[in-house]
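Working notes, beginning with the structure itself.
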Amino acid sequence: MLTSQPLPLIWETPTTLRAWRRQQAGSIGLVPTMGNLHAGHASLIERARAENAIVVVSIFVNPLQFAPTEDFDRYPQTFEADRELCQTLGVDAIFVPTPQALGLAARAGSDHDRTGVIPPESMTNVMCGRSRSGHFDGVTTIVTKLFNIVQPDRAYFGRKDAQQLAIVQAMVRDLDIPVEICPCPIVREASGLAYSSRNQYLSQPKREQATVLFQALQQAAAMVTAGDRDRRTILDTVRSHCATVTELDLDYVELVDPVSLAPIEQLDRRALLALAARLGTTRLIDNIVLQTRPPIIAIDGPAGAGKSTVTRAIADRLGFLYLDTGAMYRAVTWLVMETGTALDDEAAIAELVAACDLDMQPQSDGGCVVTMNGTEITTAIRTPEVTANVSTVAAQKAVREFLMKQQQAFGDRGGLVAEGRDMGTCVFPSAEIKIFLTATPAERARRRACDLSAQGYEVDLAQLEADIIERDHQDSTREIAPLSKADDAIELVTDGMTIEAVIDRIISYVNTL
Ligand code: PAF
């Protein structure tokens with residue numbers, strides 16, 4: 001094959017890989033694979049290439065994740081073709097250890113006396129875990145070893161293995177492994193069949209029969225779009241569609257939460273519809289994410305991290321509602337002032353908000369028309385008087401509770417971006433995308449100093465940084481709505497990134513949902 005890319009380096013032991021790793025500068029993206037690379041892997045590698053200075057692909061058919069009865073011995077191995085594909089895609093290094101090099105026995109099911117990583121039972125006793133006992137222990141153990149050896153900043157996993165992805169994400173969260181897991185969309189052949197190394201076990205007629213899996217999932221998705229929300233109806237549709245191919249033996253079809261893998265009865269949020277089936281001796285899996293509404297993006301983070309600029313731009317680019325929560329607090333403050341209610345009369349304010357009618361209508365320019373009890377107050381809420389009183393009003397429990405309900409009501413329709421300090425933790429805990437947008441205090445002080453000097457002010461950089469550290473402390477320890485990062489939020493540290501790069505990164509997360 002003709003390619004202008006340099007040959008990827010090949011490392012076969014943790015020692016050599018680590019020695020090379022220590023000399024690399026910039027972010028490292030890891031694509032863990034078992035080889036026999038296909039278009040699905042290529043899409044992971046391409047994304048890793050676009051997002052990192054260095055890309056490592058690991059190729060290791062992991063004996064720990066195969067039962068003795070499974071296809072470990074016949075798993076396709078095509079190293080030369082894999083190496084060429086890696087070269088074409090600009091991979092820097094391939095890590096291809098033997099089981100011995102990783103301290104493992106070379107046969108499936110024979111490794112017992114070693115430390116392993118055990119994922120929670122609630123995530124392994126469903127879906128593939130039911131019939132592949134021990135499989136996910138093997139996956140998490142090997143993935144942990146790979147993370148420890150390669151020490152990547154990011155690791156790329158396909159959504160086809162949705163259970164593996166959810167389990168690896170949980171592991172990284174639970175064990176505080178410093179790596180960002182990047183999920184990538186399923187890649188399908190023109191027929192709809194998801195790419196898989198195991199497809200090559202299929203004869204041509206079986207390959208055609210296998211397309212029924214995706215058709216069944218699509219049929220269920222169409223029902224959901226048409227308004228069906230019932231678990232049983234959705235699952236029955238998939239089952240009866242699969243039953244049209246008599247050779248197909250459906251192992252399971254399940255409807256679960258894509259993060260926790262807990263079963264979902266009534267479809268009122270994003271749900272993973274996943275299945276596994278056997279065609280002859282070949283086991284195939286596939287899935288689809290069912291959505292009842294467009295996603296919610298919750299952006300939290302400390303002051304001065306650029307949240308509002310980023311949030312507005314994302315809403316604008318995606319055509320989503322920018323939920324201006326600050327404007328909502330201002331609207332209530334305006335009402336308190338307009339009615340002559342004392343700012344510290346919490347009981348009177350509570351009554352006022354309980355009876356008020358607040359409306360926010362998004363505009364095409366990303367702005368919002370704010371109406372309170374029928375009066376348009378879009379500009380009236382921006383006066384210095386409202387600004388001076390808003391934090392007093394916003395600190396009151398009744399006000400916060402009322403506005404949280406309003407914000408959640410907007411969330412019911414989906415298709416919104418909200419920024420704040422507790423959007424991902426309290427207001428929209430089931431938001432599809434949670435970002436914790438931050439930058440080091442030094443970087444935020446530098447940005448603030450630039451703004452202030454552009455306005456002609458003298459600046460004391462050290463003081464600005466000290467103020468920012470103090471404000472962060474206050475924000476994260478205050479009693480009401482403290483700043484906190486949701487467990488499942490992606491932390492984006494924006495030092496050295498342009499605003500455009502930050503926006504592009506967040507949009508790329510949305511595009512891979
Ligand atoms: O998805 C795979 O190919 C494997 O399960 C992985 C993640 C490389 C671990 O062996």
Handout entry: Nearest 10 degrees, 0 to 90: helix 39-51 Cα axis against the chain principal axis
Key = 40
Fill in the blank from the handout: Note: Arg232 to Arg188 extended length (0.36 nm per residue) minus current alpha-carbon separation gives 13.1 nm
Problem - Exposure proxy ranking, count of Cβ atoms within 10 Å, fewest first, for Arg421, Arg317, Arg283 - result: Arg317, Arg283, Arg421
Exercise for the section: Give the angle, between 0 and 90 degrees and rounded to the nearest 10, that separates the Cα long axis of helix 384-394 from the longest principal axis of the Cα atoms of the chain. Expected result: 60
Problem - Radius of gyration and Dmax over the Cα atoms of region 1-62, both given in Å - result: 12.3, 32
Exercise for the section: Give, in nm to one decimal, the length gained when the segment between Thr292 and Ala262 is fully stretched (0.36 nm per residue of separation minus the Cα-Cα distance). Expected result: 9.0 nm
Completion exercise
Dividing the surface of the Cα convex hull of region 332-389 by four yields a projected area in nm² of 4.2
Problem - Under 14 Å, Cβ to Cβ, from Glu51 - net charge with Lys/Arg +1 and Asp/Glu -1 - result: -1
Problem - Percent of Cα-Cα distances greater than 25 Å, calculated over region 257-354 - result: 57
Problem - Under 25 Å from the Cα of Lys485 - lysines, other chains or at least 8 residues apart - result: Lys307, Lys397, Lys405, Lys434
Exercise for the section: Just rank Tyr252, Tyr457, Tyr195, fewest to most, by other beta-carbon atoms within 10 angstrom. Expected result: Tyr457, Tyr252, Tyr195
Fill in the blank from the handout: Mean projected area, convex hull of alpha-carbon positions in the chain, reported to one decimal in nm², is 28.3
Handout entry: Cβ-based exposure ranking for His112, His473, in which fewest neighbours within 10 Å come first
Key = His112, His473
Problem - Length added when fully stretched, Cys356-Ala462, from 0.36 nm per residue minus Cα-Cα - result: 33.7 nm
Problem - Angle between the chain longest axis and helix 135-150 axis [Cα atoms, degrees, rounded to 10] - result: 70
Practice task
Compute the Kirkwood hydrodynamic radius of region 1-128, taking the inverse of the mean of 1/r over all pairs of distinct Cα atoms, and give it in Å to one decimal.
Solution key: 16.2
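Read-outs throughout are calculated quantities, based only on the coordinates presented, and are distinct from any laboratory measurement. The structure displayed is predicted, hence computed values, not measured ones. All Cβ positions, even for glycine, are placed from backbone atoms using ideal geometry, and neighbour counts span all protein chains on display.
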